[in-house]
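Below is one structure; the comments refer to it alone.
What follows draws every value from the coordinates through simple rules; no lab data is involved. Bear in mind the structure is a predicted one, so any value in this text is a computation, not a measurement. Here the Cβ is made from the backbone with ideal geometry for all residues, glycine too, and neighbour counts use every protein chain on show.
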Amino acid sequence: MIHEISLCRWNNNITTGYHDEHHHPSSSSSSSSSSRSSKDEEPSCLVDGTKCQYSSCAQGKKLPRCAIGFAGRVTGGAKGTYYMVNRSDDDPKYPAPGTLRFGVNLAGRSKGGAWITFKESMVIKLKDKLWVHSNTTIDGRGVKVTITAKVLALKKVQNVILHNFEVVSTGYSDTIHVFDGSHLVWLDHLTCRDASLGLITVLQGSTDVTISNCYLSNPDYNTLLGASDQDTIDQILRVTVYRNWFDSSTQRMPHCRYNLFFLIV
């Protein structure tokens, strides 16, 4: 049962991730004007979320300036350490330094999390599901990264950015599973394909999620926002779905339950 869907186009009411740290609600009108002028100087970070990722004002850890919608306040691992993936193997029990799994686990242990990038293009075949921790960014800009075989799972986490890579062929699962109260999650410029249970799911009390600029292709199920009418905890669910391509699916493009969704096409 679909309770409420808000259909709208891109406009100034969509929250961006850019904030002037010197501007506060109690500031004078002159300060407010100064803040607006500062934003006007960087239109590529505010006007077109599709092109923002490669703009000069979004380089490196400035990427959260491009975030929009309900996850517009996300920072991911911007306050944490840089980590570069330079090998494609995977060992769930003893992750080796240089692997993606080692970097994701490092984010869970480090103050401020981690900003994970890739040295070169690679295909990473996961041997077990990858549990993404709070304050993590996985940033695939500049290379072609494909993650395959297992799901990326976000359980009870907050402040996560997954950006510019592929998650494909995950078998009897979905590709990205956001659940159990996770919040402030930005999924952007992802390609998700070929998963038996669907592609992206957001459920079980998770909220403040943005899914933007993604290519989502599956023979049957696509994107599920809230799993069951009995899951009343999903009454807090807030998701922005912005400029995504839902391709070749028969249902869930997306399927929405409870509360508030912004669908921007």
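For the peptides 219-225, 180-186, 58-64, 198-204, residues were scored by their other Cβ atoms within 10 Å and the scores averaged per peptide; the highest-first order is 198-204, 180-186, 219-225, 58-64.
Across segment 180-195, rounded Karplus estimates of 3J(HN,Hα) from the backbone phi angles (6.51 cos²θ - 1.76 cosθ + 1.60, θ = phi - 60°) give 6, x, 5, 8, 6, 10, 10, 10, 9, 6, 9, 10, 10, 9, 6, 9 Hz, Gly and Pro being marked x. If you plug the beta carbon distance of ARG243 and LYS156 into 1/(1 + (r/R0)^6) with R0 = 30 Å, you get a FRET efficiency near 0.55. Please go through the residue pairs LYS51/LYS93; LYS62/LYS119; LYS79/LYS144; LYS61/LYS155; LYS51/LYS155; LYS125/LYS156 and name each one whose alpha carbons sit more than 28 Å apart in this structure. Table pairs above 28 Å Cα-Cα are LYS51/LYS93; LYS51/LYS155. About the centre of its Cα atoms, segment 105-173 shows a dipole size close to 220 debye [charges on the beta carbon of Lys, Arg (+1) and Asp, Glu (-1) only; nearest 20 debye]. Annotation: amide H of TYR242 within the under-5 Å range of ILE211, SER212, ASN213, ILE264, sequence separation 5 or more or interchain, hydrogens built in the peptide plane.
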